[in-house]
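Everything below concerns the one structure shown next.
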Amino acid sequence: ILDGVSSAQLTVMEQQTLEKFVRNGGSLLFMATDPGDTGGFAGTPLEKILPVSFYYNPPDQPLSKKTAQWGKTFSSISGRNGEDGAIPNERMRLTDAFPSKAGTASPEFVNYQLFRDRKPGAEVLAVHSKDNNPDTGKPAILMAAQQYGSGQSCVIGTDSLWHWKLSQPSQSGEAKIFWQDLLNWLVRTRRN
């Protein structure tokens with residue numbers, strides 16, 4: 001699992017090692033949590049194994065009104081006595097390809113990474129419910145997966161999902177079920 005890793009943190013040799021790991025049967029979950037931070041991976045060995053292609057320089061994102069206002073809202077939270085109900089969250093729209101039980105809720109997020117497009121053979125697991133990619137006109141991809149050699153890779157392009165559990169009742173297991181379903185699916189070929 002790589003979460004919030006920038007291209008400056010992985011050498012070409014380290015990326016080639018990850019490529020070999022996945023090709024030989026490993027599973028990789030890449031969480032692109034910082035919008036605009038993946039341009040350095042365009043054309044690299046890491047991009048080669050992931051199910052999406054990256055922009056070198058992403059175009060301006062057509063962020064939804066809620067997401068665009070997030071910065072203003074977030075900066076005012078501390079003065080509202082802990083009331084965080086107004087933090088604008090979006091929900092992923094899970095596709096039929098997502099390996100979940102019926103009725104599983106999708107994670108909430110505030111911001112997201114704009115990917116250029118999915119690669120041939122990749123499965124789109126979740127898209128934005130409102131925003132489209134300005135180049136393709138298709139819903140913005142938030143999560144995708146693909147087989148690579150004997151292994152599998154998955155990318156999640158939303159900001160960190162830490163606040164999803166915080167917005168749930170303490171007894172809710174939705175966040176746990178989502179992560180269990182996704183991780184079990186990613187390692188399904190390595191059950192033994």
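Structure values in brief
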| item | result |
| --- | --- |
| From phi via Karplus (6.51, -1.76, 1.60), per-residue ³J(HN,Hα) for the range 114-126 in Hz, x at Gly/Pro | 8, 8, 5, 5, 7, 8, x, x, 6, 9, 8, 9, 7 |
| Long-range HN-HN contacts of Ile156 with modeled amide H, under 5 Å | Phe30, Met31, Ala32 |
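Quick note: the coordinates plus some simple rules give every number you see, no bench work behind them. The model shown is predicted, which means the values in this text are computed figures rather than measured ones.
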